[in-house]
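The values are calculated or read from the model by the stated rules, or taken from the named source; none is laboratory data. Because the structure is predicted, anything quoted here is derived from the model rather than measured. Every residue, glycine among them, receives a Cβ derived from its backbone with ideal geometry; neighbour counts consider all protein chains shown. For accessibility, only protein heavy atoms count, side chains too; no ligands or nucleic acids. Shrake-Rupley method; radii C 1.70, N 1.55, O 1.52, S 1.80 Å.
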Amino acid sequence: CEDRHRLARLAKGDVVYVEGSISYRSYINKEKNKLNVTEIKASSISKWEGTGNLNKIILVGNIATDLELRQTTNNVSVTNFSLNTIDRWKDKDGILKTHKKWHRLVAWGKTAEIAVNNIKQGMLVLIEGTLSYRTYVNKENVKNNHVAEIKITNIMKWANPIKIDDNEESNDQIE
């Protein structure tokens, strides 16, 4: 109820702080173009009291793909890989449900080099970064392909993950 009152006090142009879960979906619009959408399912929204804007993503999940270091034409190191996270909740009948989400990540420069040398597929990690969007040309030479990705600013192995039984209710981190 307090969140509802807080939302009622927000006005057009206010800068807000949102905590929640990130998800992605695609759809076909009226012009038959495939569009990709990034959504935040907000668990908390409040007016941002800081100065300026903030674009920060924090995820804890498992590395889903092998990391491979590449060099750009300007000799800058880069790696792209995926991370999966799992949302868990109980439905109206008390049955535990899960949904795995896949996140596209990119690391540049020294961060890319450190990640490739220290992070392996299957590891549980904490990722900090910013949400960014880019357009790329696909194999059919079509440019209007949009992708959301997280530019990594920090990556670390998640220490002492706690494995929980699927029948237990817990807010602890999981493998």
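Across the stretch 77-119, what is the total count of residues that are farther than 17 Å from Ile22 by Cβ and among the polar types (S, T, N, Q)? Don't jump to the end; show me each part of the working.
Initially, the stretch 77-119 is screened for residues farther than 17 Å from Ile22 by Cβ, giving 77-80, 90-97, 107-119.
If we keep only those that are among the polar types (S, T, N, Q) as well, we get 77, 79-80, 111, 117-118.
Result for the stretch 77-119: 6.
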Worksheet item: Between a first residue in the stretch 109-126 that is over 25 Å from Thr73 (Cα atoms) and a second residue that is open to solvent by less than 90 Å² (accessible area, probe 1.4 Å) and among the small types (Gly, Ala, Ser), which pairs have beta carbons less than 8 Å apart while being 6 or more apart in sequence or on different chains?
Response: Gln121/Ala64; Leu124/Gly61; Val125/Gly61
Worksheet item: Hey, does the stretch 70-92 have a residue that's under 18 Å from Ala159 (Cα atoms) and open to solvent by 80 Å² or more (accessible area, probe 1.4 Å)?
Response: no
Worksheet item: So, in the stretch 12-57, of the ones that are part of a loop (DSSP other than H, G, I, E, B) and among the basic types (Lys, Arg), which residue ends up most open to solvent (accessible area, probe 1.4 Å)?
Response: Lys12
